[in-house]
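Before any comments, here is the structure.
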Amino acid sequence: MAAGGAGGSSKTYSFKVVLLGEGCVGKTSLVLRYCENKFNDKHITTLQASFLTKKLNIGGKRVNLAIWDTAGQERFHALGPIYYRDSNGAILVYDITDEDSFQKVKNWVKELRKMLGNEICLCIVGNKIDLDKERHVSVQDAEEYSESVGATHYHTSAKLNKGIEEVFLDLCKRMMEVAQADERSKGNGASQSGAARRGVQIVDDEPQTATGAGCCSSG
Amino acid sequence: MPRLRPKAPTDLRLYWKKLKAFLKTLSLQRQMMENLIIAKARQDALHRKMEERRLRLQEEANRRFAGSDMITPEEQEQRLLYANVLEYDQDHDWPKLWKANLKKNPNDSALVSGLISYLLSCSEHPVMKLLKRLQYRVYNRLYPILPAPRGLAHSVSDASLSVSLSVSRDLNANEEDSARAQTTPPAPDRENSFEDLEQYLSQLDWSSAPDSAPSQPGLEVETYITRLEESALKDHLRAIVKDIHNAIDRLLSLCLLSFECLNTAAGKDQCVACLEEAFFCPIWRPLLALFRQVYRERELSFGASMRLYRNATPADVGVAPKLFPEDPALLPGSYPYESAVQELQHLCREFCPQRKLECIVRTLRQMLCVHGSMQDPDVPPSTAAIGADDLLPILSFVALRTELPQLVSECAALEEFIHEGYLIGEEGYCLTSMQSALSYVESLHTGKAPPHYPRFT
């Protein structure tokens with residue numbers, strides 16, 4: 001479990017993604033849709049919708065996603081930081097019919113940026129587009145805001161199963177870019193023993209020799 | 001002016017609306033500020049942990065590679081141990097046999113675990129001798145603190161006295177320590193503490209002299225002493241945690257040196273797991289006792305909430321009504337989530353961090369399983385699945401019902417000793433949720449949002 005990864009291509013990325021959003025914005029159904037869709041139910045772990053994993057293959061690279069749901073209630077908010085530490089990405093969900101929930105997203109963005117800097121990839125998601133008639137957060141506002149904080153913005157409907165795949169795919173691609181940039185800046189593995197960023201574990205599949213694998217191509 | 005008059009009521013309403021919106025923004029901003037401060041403190045604590053780890057590894061590396069022409073005491077020791085291993089291998093046949101077997105089937109995990117458990121049963125093997133020695137050393141540093149409970153704390157800093165005592169005992173007890181003396185973190189300096197105390201007293205004299213209403217200097221001195229004690233305990237705990245990490249690293253490297261065939265990712269994992277279990281089991285009780293002294297305040301809070309909520313229903317801690325049977329008669333002689341509570345109580349009966357973590361995972365599964373059995377069978381499980389919004393209140397209820405304040409210390413210890421690799425996965429999620437639930441329970445008796453607790457600092 002700790003090491004993970006076997007066979008296939010040379011690298012496996014492990015990413016941690018936190019799911020933030022107020023109580024009834026539908027983040028649980030969103031993530032369930034994503035993890036059960038197309039595949040069978042075995043992706044739903046014994047922890048139901050609170051912790052989910054998903055394996056992906058993006059451009060020949062294997063990606064393991066661990067999706068951490070967080071409690072939206074105010075009384076648990078102070079405990080947020082222990083959930084999102086070492087996260088590679090965050091999905092911030094609001095309900096397009098509820099302006100308050102969008103305001104909460106803004107608060108979380110500020111908090112995340114302050115704590116984790118620009119290393120963390122953000123995705124802001126306006127859920128419940130099936131209720132577009134009752135929309136209270138304008139598309140323009142949401143998109144402009146997202147751009148201003150370096151987040152991508154998506155509209156989804158968990159009910160109609162719309163736009164969900166795209167959210168996760170986009171986030172994964174961006175997390176991979178960050179991880180690859182990270183590797184490059186580390187100087188191609190020569191001094192890997194340094195303070196390798198936790199969370200991004202790059203596991204070489206071949207059994208490690210005593211001296212450790214030398215080169216680590218960045219492509 | 002007169003033209004405006006008829007419009008006034010609508011204006012007023014408009015202003016009122018604006019004012020309300022403004023107030024809302026203000027309160028949101030205030031909340032955000034508070035959250036930021038909390039988050040900052042937590043992050044600082046984390047940084048410190050990572051920094052400590054980095055420093056620890058750096059020290060280790062420096063020691064290993066400092067000047068190839070000069071042999072450090074550790075290198076010397078490593079060589080000596082390796083020589084012992086070679087000697088042992090010559091005198092015994094079993095290592096050769098196992099090695100040959102493993103060479104034929106390098107990926108047989110049953111063989112790997114067989115080898116490790118056989119090794120653990122050979123008390124004469126150098127790995128096991130080292131294990132005993134390192135264990136003894138940790139125990140030696142813990143032991144003096146145990147029989148000095150808080151009862152004596154009113155006299156002069158009893159705990160810090162035993163702390164320095166323990167360190168000196170340590171140095172005497174183990175010959176190999178003398179070489180390491182410089183690298184051992186210094187014991188809390190008692191002389192300095194007394195200096196501080198004197199300084200404090202003189203300040204007190206000075207400041208209370210012109211004061212007409214005399215404060216209670218005795219009381220303040222006592223709190224000051226308590227504070228000194230606490231910081232001495234924290235220092236001691238930190239040093240011991242570091243020692244244990246070092247000990248396990250050393251054991252693992254000797255183990256891999258003895259059996260190179262174990263040096264695969266899976267083999268290493270198994271080695272660490274088995275070594276840790278052997279290492280922690282005999283010392284967990286005294287180790288936990290130290291954690292409990294350090295986390296005493298938090299345990300007391302937990303206890304207070306526990307008493308206050310003794311007869312609470314799940315709804316009292318915010319569990320959604322659909323998640324437990326409302327009519328207590330449906331569960332005769334029992335209460336909701338009882339099986340999960342019992343599972344969690346098992347945690348205190350395990351003595352190895354990994355096992356404890358598994359216990360937490362089982363507790364969460366049990367909890368969700370109970371919920372599953374109550375579900376309406378017509379509703380597809382996906383739409384009724386439990387997310388974190390529901391999970392945390394239930395977990396808080398379960399934690400409350402265990403009536404075990406020591407869970408606070410147990411979890412704090414787990415955070416120190418569980419490998420970082422595990423923290424991204426399901427186990428990490430469960431531990432994080434458990435800690436959140438515990439903090440929430442601690443805050444219940446104050447009626448406020450949970451305060452933020454950094455790691456011992």
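Entry remark, the range B:231-257: residues being surrounded by 17 or more Cβ atoms within 10 Å (Cβ to Cβ), touching an Asp or Glu at 6+ places or on another chain (Cβ under 9 Å) and among the charged types (D, E, K, R) number 3 in total. Part of a helix (DSSP H, G or I), among the acidic types (Asp, Glu) and modelled with pLDDT under 90 - does that describe any residue in the range B:397-413? Checked the range B:397-413: no residue is part of a helix (DSSP H, G or I), among the acidic types (Asp, Glu) and modelled with pLDDT under 90. Run down B:115, B:102 and say which single residue is under 24 Å from residue B:250 (Cα atoms), within 35 Å of the chain's Cα centre (by Cα) and surrounded by 16 or more Cβ atoms within 10 Å (Cβ to Cβ). After applying the criteria, what remains is B:115.
Conditions (1) away from chain B (no Cβ under 14 Å); (2) in contact with a Ser or Thr (Cβ under 6 Å, 6 or more places away or on another chain); (3) surrounded by 15 or more Cβ atoms within 10 Å (Cβ to Cβ), marked per residue:
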site	(1), (2), (3)
A:85	no, no, yes
A:107	no, no, yes
A:119	no, no, yes
A:136	no, yes, no
A:153	yes, yes, yes
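Screening the candidates A:166, A:74 for the property of being farther than 25 Å from residue B:40 by Cβ and among the charged types (D, E, K, R) yields one hit, A:166. Evaluate the range B:55-75: report whether one residue or more is within 14 Å of chain A (Cβ to nearest Cβ) and modelled with pLDDT of 75 or more. Yes, the range B:55-75 has at least one match.
In the range B:317-337, the residue that is surrounded by the fewest Cβ atoms within 10 Å (Cβ to Cβ) out of those that are outside any loop (DSSP other than H, G, I, E, B) and in contact (Cβ under 8 Å) with a residue 24 or more places away in the chain is B:323. Looking for something within 14 Å of chain B (Cβ to nearest Cβ) and at pLDDT 90 or above - is there at least one such residue anywhere in the range A:72-80? No, that holds for no residue. Of the residues making up the range B:243-276, just one is assigned to a loop (DSSP other than H, G, I, E, B) and free of Cβ contacts under 8 Å to residues at least 60 places away in the same chain, namely B:263. Of all the listed residues (A:114, A:61, A:106, A:55), the sole one being touching a residue at least 40 places away in the same chain (Cβ under 8 Å), basic (Lys, Arg) and over 24 Å from residue B:390 (Cβ atoms) is A:61.
Only a single criterion out of (1) in contact (Cβ under 8 Å) with a residue 40 or more places away in the chain; (2) within 24 Å of residue B:264 (Cα to Cα) is not satisfied by residue B:135, namely (2). Of all residues in the range B:30-51, those that are more than 7 Å from chain A (Cβ to nearest Cβ) have Cβ atoms under 9 Å from Cβ atoms of residues that are surrounded by fewer than 14 Cβ atoms within 10 Å (Cβ to Cβ) and in a helix (DSSP H, G or I), 6 or more apart or on another chain, in B:31/A:74; B:40/A:114.
The values are calculated or read from the model by the stated rules, or taken from the named source; none is laboratory data. This one's a predicted model, so the numbers in the text were calculated from it and none came from an experiment. Using ideal geometry, Cβ is built from the backbone for each residue, glycine included, and neighbour counts are taken over all protein chains shown.
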